[in-house]
Amino acid sequence: AGDSGAATAGNFGAATAGDSGAATAGNFGAATAGDSGAATAGNFGAATAGGRVSVGENGVGTVRGDDVMIRGGKGAMLTIAVESKTSFDIVAWGSFVIDGKMYKPDTWYTLRNGEIVEAEE
């Protein structure tokens, strides 16, 4: 889908949306969204966006930007990269696994002062 569009794919599918768009893919699928976009993938899926990312159990998610959030199901591996507000340079990043103890499933996280913290929606 183009800018501000929405793309959806079923299980094992791939969905891509442009800036400010939303992409959703089912289990084992892949979803990608551009700047300020949102990407969601089901269990064992992968999602990348410049805004918000949500993946299911054992998924993989990456979010990059200057005001971003990410969440995942148990066993998901997540990465946050914070960009400079004046360029696309990465100024901080962090990776973590949703283990159910230190990091809770289906909880939004962000990077603040170089630390992974629960995000305020």
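The values are calculated or read from the model by the stated rules, or taken from the named source; none is laboratory data. Remember, predicted model here, so these are calculated numbers, not experimental data. Cβ coordinates were reconstructed from backbone atoms using ideal geometry, including for glycine residues, and neighbour counts include every protein chain displayed. Accessible surface areas use protein heavy atoms only, side chains included; no ligands, DNA or RNA. Shrake-Rupley method; radii C 1.70, N 1.55, O 1.52, S 1.80 Å.
Would you pick out the residues in the stretch 62-81 that are over 17 Å from GLU121 (Cβ atoms), touching a Gly at 6+ places or on another chain (Cβ under 9 Å) and buried (at least 21 other Cβ atoms within 10 Å of the Cβ)?
ALA76
State all residues of the stretch 85-97 that are at pLDDT below 90 and either in a strand (DSSP E or B) or open to solvent by less than 90 Å² (accessible area, probe 1.4 Å) (or both); if no residue qualifies, say none.
Hit for the stretch 85-97 is SER87, nothing else.
Determine whether the stretch 98-112 contains at least one residue that is surrounded by fewer than 18 Cβ atoms within 10 Å (Cβ to Cβ), assigned to a strand (DSSP E or B) and modelled with pLDDT of 85 or more.
Within the stretch 98-112, one or more residues are surrounded by fewer than 18 Cβ atoms within 10 Å (Cβ to Cβ), assigned to a strand (DSSP E or B) and modelled with pLDDT of 85 or more.
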